[in-house]
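Take a look at the structure below.
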Amino acid sequence: MADRIREKMNQLRLEADESSAKVEELQAKVKALEQENLAKEQEITSLSHKNGLLETENEKLDTNIKDLKKTADEGLQHGTHNETLQRRLQLLEEEAEEADKTLRETNEKLRQTDVKAGHFERKVQALENERDQWEGKYEEMAKKYQGLQKELEDLQAEIGNI
């Protein structure tokens with residue numbers, strides 16, 4: 001009978017050790033995911049800042065394009081000057097298109113990062129829930145272990161009294 005109790009205690013110890021290892025593993029995963037989430041948030045901040053800069057640059061370029069178009073319209077009499085302005089206008093339009101393209105790409109990256117951040121937040125929440133469950137099981141097993149330990153001590157005391 002004492003052997004069965006020892007076996008049960010050893011089994012409970014093993015289960016408690018496994019539960020403890022699982023909790024540590026899950027905590028490490030949560031920490032890694034939190035760090036990854038922080039990196040994603042920093043990337044979002046960086047992309048938002050870059051987006052703002054690109055929007056400002058785009059507005060400047062649009063204003064510059066409007067000014068150059070106005071100047072080009074006024075200077076139709078000046079052929080050479082007009083050609084120069086047209087080339088500058090074309091360059092600015094190309095830069096504006098490139099800035100628009102970059103802005104769209106940045107917005108898409110920002111959206112994707114937002115989606116990923118939401119995914120990782122849900123994943124962290126799920127892992128935290130799983131960790132809480134494992135901690136609850138661990139505490140329950142620890143209580144059972146203590147109860148069995150007390151029963152064993154009581155049994156040993158009874159055997160010692162006999």
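Things worth noting here:
- Hey, Gln11 among the polar types (S, T, N, Q), free of Cβ contacts under 8 Å to residues at least 60 places away in the same chain, out of contact with any Cys (no Cβ under 6 Å at 6 or more places or on another chain) and open to solvent by 40 Å² or more (accessible area, probe 1.4 Å) or not: yes
- Residue under evaluation Glu24, criteria (1) open to solvent by 90 Å² or more (accessible area, probe 1.4 Å); (2) closer than 30 Å to Gln146 by Cα; (3) in contact (Cβ under 8 Å) with a residue 12 or more places away in the chain, criterion not met: (3)
- Of the residues Thr102, Thr106, Thr63, the single one that is surrounded by fewer than 15 Cβ atoms within 10 Å (Cβ to Cβ) and over 30 Å from Lys144 (Cα atoms) is Thr63.
- Criterion (of a type in the set (Lys, Arg), within 30 Å of Leu61 (Cβ to Cβ) and either at pLDDT below 90 or within 44 Å of the chain's Cα centre (by Cα) (or both)) met by exactly one of Lys123, Lys144, Lys137, Lys101: Lys101
- Some residue of the stretch 142-158 being farther than 30 Å from Ala16 by Cβ, in contact with a helix residue (DSSP H, G or I) (Cβ under 9 Å, 6 or more places away or on another chain) and open to solvent by 70 Å² or more (accessible area, probe 1.4 Å): no
- Check on Glu121, open to solvent by 100 Å² or more (accessible area, probe 1.4 Å) and in a helix (DSSP H, G or I): no
- Which listed residue is in contact (Cβ under 8 Å) with a residue 24 or more places away in the chain, farther than 30 Å from Lys29 by Cβ and not β-branched (Val, Ile, Thr), from Asp114, Asp62, Asp73: Asp62
The values are calculated or read from the model by the stated rules, or taken from the named source; none is laboratory data. What you are looking at is a predicted structure, and each value in this text was computed from that prediction instead of being measured. Neighbour counts are summed over all protein chains in view; Cβ atoms, including those assigned to glycine, are modelled from backbone coordinates with ideal geometry. Keep in mind that these areas ignore ligands, DNA and RNA; they rest on the heavy atoms of the full protein, side chains included. Shrake-Rupley method; radii C 1.70, N 1.55, O 1.52, S 1.80 Å.
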